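These notes concern the structure reproduced below.
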Amino acid sequence: MAWIVEDRLKAYQPARNEPYLTARIKQEVSEKYFPRYPNKRAALLPLFHLIMHEYGYIAAQAIDEAAEFLELTPSQVQDAVTFYEEFRLEKTGRYVVNVCRSISCELCGHQRVLEKMREIFGIEPGETTADDKITLLEVECLGACEQAPCALVNEDLHGQIKPAEFCSQLQQLPAAPGHSTTDDVR
Ligand code: FES
């Protein structure tokens, strides 16, 4: 039996002076989630979601800070964060385009969406455009099979995608740096 080991060190970003877990994030977790659960550890997933929403990914430093805040070891936090596909450890572009590759979308042309993304933006799944605007990912079923092929752009679902039209919409999105708000993609 062979183990496949991924080198997570590649995902680590340099440390920064300001904490990822801002006072606002800590306050929200303390007031909204701690009272709901029997221990601090149970607030780990809500905390991940807050970090993802704020930064678009979960940096190594944020993992350390989350461990300290929730009184866990960094390895416990790392275990949890790497279990879920939707939590990313690497910085992404402003818009993360999650193209569904499960059966309905596959049958309805998810490959054509990827081909058009390749043609227009020059990226493959897992890559980000040079201007840090768009990251392309392939994901499993988004729960909207009746709208296949579909994709999630940050938090907004796009269904019955026509590849050229879809890419044209993406091209028109503002390219300013920073993680987007959902308002940008509506
Ligand atoms: S198969 Fe694509 S949303 Fe379900």
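Cβ-to-Cβ counts within 10 Å put Ser30, Ser102 in ascending order as Ser30, Ser102, the fewest first. In this label model, Thr82 and Leu157 are separated by 3.2 nm, measuring between points 7 Å along each Cα→Cβ vector.
Taken along the Cα-to-beta-carbon direction at a fixed 7 Å, the label points for Arg16 and Ser75 span 2.9 nm. When each of Cys105, Cys145 is scored by the number of other beta-carbon atoms lying within 10 Å, the sequence from fewest to most is Cys145, Cys105. Whole-Hz Karplus values for the range 82-96 come out as 7, 6, 9, 5, 6, 8, 9, 9, 10, 4, 10, x, 4, 10, 9 Hz, taken residue by residue from phi with 6.51 cos²θ - 1.76 cosθ + 1.60 and θ = phi - 60°; glycine and proline positions read x.
Rounded to the nearest 0.05, the FRET efficiency derived from the C-beta distance between Tyr55 and Ser168 at R0 = 30 Å is 0.60.
Partnerless cysteines in the chain, where a partner means another cysteine C-beta under 4.7 angstrom, comprise Cys108, Cys141, Cys145, Cys150, Cys167. Listed by chain and number, the lysines whose C-alpha is less than 17 Å from the C-alpha of Lys32, apart from same-chain residues fewer than 8 away, are Lys40.
Once backbone amide H atoms are built at 1.01 Å from N, Gly93 has Thr135 as its partners under 5 Å, excluding neighbours fewer than 5 places away on the same chain. The mean of 1/r over all distinct Cα pairs in the chain, once inverted, gives the Kirkwood hydrodynamic radius of 17.9 Å.
Listed by chain and number, the lysines whose alpha-carbon sits under 17 Å from that of Lys162, ignoring those within fewer than 8 places in the same chain, are Lys116. Rounded to the nearest 10 degrees, the inclination of helix 44-55 to the longest alpha-carbon principal axis of the chain is 60 degrees. Of Tyr20, Tyr37, the sequence from fewest to most neighbouring Cβ atoms within 10 angstrom is Tyr37, Tyr20.
Each residue of the range 58-66 was assigned a 3J(HN,Hα) from its phi angle through the Karplus curve 6.51 cos²θ - 1.76 cosθ + 1.60 (θ = phi - 60°); the sequence is 10, 6, 4, 4, 5, 5, 4, 5, 5 Hz, with glycine and proline shown as x.
I'd like the distance between the alpha-carbon centres of the range 15-39 and the range 94-159, rounded to an integer number of Å. Here the two parts' Cα centres lie 32 Å apart.
Along the chain, counting only GluC sites (Glu not before Pro) with a DSSP assignment other than H, G, I, E or B and at most 16 other Cβ atoms inside a 10 Å radius, the longest segment between sites is 7-70.
In this structure, Glu146 and Glu106 have a Cβ-Cβ separation that, at R0 = 25 Å, corresponds to a calculated FRET efficiency of about 0.95. Backbone geometry of the range 141-149 corresponds, through the Karplus equation with coefficients 6.51, -1.76 and 1.60 at θ = phi - 60°, to 3J(HN,Hα) couplings of 2, 8, x, 10, 4, 5, 10, 4, x Hz, x marking Gly and Pro.
Our helix-only sum for the chain, with -39,500 (n - 2.57) per DSSP H run of n ≥ 4 divided by its residues, gives a mean residue ellipticity at 222 nm of -10000 deg cm²/dmol.
Throughout, read-outs are computed from the coordinates displayed, never taken from laboratory work. Note that this is a predicted model, so its numbers are computed, not measured. So basically every Cβ, Gly included, is an ideal-geometry build from the backbone, and we count neighbours across all protein chains shown.
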